[in-house]
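Take a look at the structure set out below.
The values are calculated or read from the model by the stated rules, or taken from the named source; none is laboratory data. This structure is a prediction, so every number in the text was calculated from the model and none was measured. Glycine also receives a Cβ, built like all others from the backbone with ideal geometry; neighbour counts cover every protein chain displayed.
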């Protein structure tokens, strides 16, 4: 839990205690029924706030677990993180969209090239998480950044980077992925580097075609593409076309 989440949860707990004390005193107020109704409303709002905090924590754990499983090419474990809903999808770079839990597991196995072998490096570092849980507590969206290090000892070394715009759903009380979409900002060999030898995005597999074509057509570095944010600017409240797709 972050410091902000810890402080927030502590403040909410303190407020709940104050409300409960107030509720006991309300019995002797001039209008106890009205006072009790107001306190119950406030208590409901605080309980909802606590629920959103706990949901956000669970989603962050889910996303971080995903990163660690990718580190070790654990495609079976990655597949279990997705929802059972048949519309669940995964899209990585320009490879197209794979739909359904079984297909997604196969897709990750193909992308990662099978099991981890001695001498291989497959780091998938998940950073800069921003999560928004829907008011109903059933769905959520999150934006993350992946810094990727791929390589094999004595043979190759590659950098890659790009943001995720993901969606989540709570199934039977457990948060899972309903949509994973990673956008490729760049891929390039360690030597001579991204300033000299950037690599284009891979195209869909001919022998393992996706269920749907890529949802967006763009080029990675040295081209530039603005991946839309799922949220409005948290200070200005703006949602500029082409930059934000928040509802």
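Scanning segment 36-53 for residues that are touching a residue at least 60 places away in the same chain (Cβ under 8 Å) and surrounded by 15 or more Cβ atoms within 10 Å (Cβ to Cβ) yields a total of 1.
Please state which one of 218, 231 is touching a strand residue (DSSP E or B) at 6+ places or on another chain (Cβ under 6 Å) and either in contact (Cβ under 8 Å) with a residue 40 or more places away in the chain or over 20 Å from residue 65 (Cα atoms) (or both). When all the criteria are applied, what remains is 231. Of all the numbered requirements in (1) in contact with a helix residue (DSSP H, G or I) (Cβ under 8 Å, 6 or more places away or on another chain); (2) assigned to a strand (DSSP E or B), residue 109 misses one, and that requirement is (2). Considering each residue of segment 176-186 in turn, at least one proves to be closer than 15 Å to residue 245 by Cβ, in contact with a strand residue (DSSP E or B) (Cβ under 9 Å, 6 or more places away or on another chain), touching a residue at least 24 places away in the same chain (Cβ under 8 Å) and part of a strand (DSSP E or B). There is no residue in segment 228-246 that is touching a helix residue (DSSP H, G or I) at 6+ places or on another chain (Cβ under 8 Å) and at pLDDT 95 or above. For residue 103, indicate whether it is modelled with pLDDT of 95 or more and over 17 Å from residue 181 (Cβ atoms). No; evaluated as a whole, the condition is false for this residue.
Checking each residue in segment 196-210 for being touching a strand residue (DSSP E or B) at 6+ places or on another chain (Cβ under 6 Å) and surrounded by 13 or more Cβ atoms within 10 Å (Cβ to Cβ) picks out 198, 199, 210. What number of residues in segment 185-207 are under 21 Å from residue 153 (Cβ atoms) and touching a helix residue (DSSP H, G or I) at 6+ places or on another chain (Cβ under 7 Å)? Qualifying residue count, segment 185-207: 0.
For segment 168-184, name all the residues that are more than 17 Å from residue 108 (Cα to Cα) and surrounded by 18 or more Cβ atoms within 10 Å (Cβ to Cβ). Even if it seems obvious, please write down each step before you answer.
Applying the first criterion (more than 17 Å from residue 108 (Cα to Cα)) to segment 168-184 yields 168-175.
Across segment 168-184, the qualifying residues are 168, 169, 170, 175.
Within segment 66-100, being over 14 Å from residue 169 (Cα atoms) and part of a helix (DSSP H, G or I) holds for 66, 67, 68, 69, 70, 71, 75, 76, 77, 78, 79. Scanning segment 137-165 for residues that are within 30 Å of residue 48 (Cβ to Cβ) and part of a strand (DSSP E or B) gives 139, 140, 141, 142, 143, 144, 145, 163, 164, 165.
Could you tell me whether any residue of segment 137-152 is farther than 25 Å from residue 62 by Cα and either free of Cβ contacts under 8 Å to residues at least 12 places away in the same chain or crowded, with 16+ Cβ neighbours inside 10 Å (or both)? Looking through segment 137-152, at least one residue is farther than 25 Å from residue 62 by Cα and either free of Cβ contacts under 8 Å to residues at least 12 places away in the same chain or crowded, with 16+ Cβ neighbours inside 10 Å (or both).
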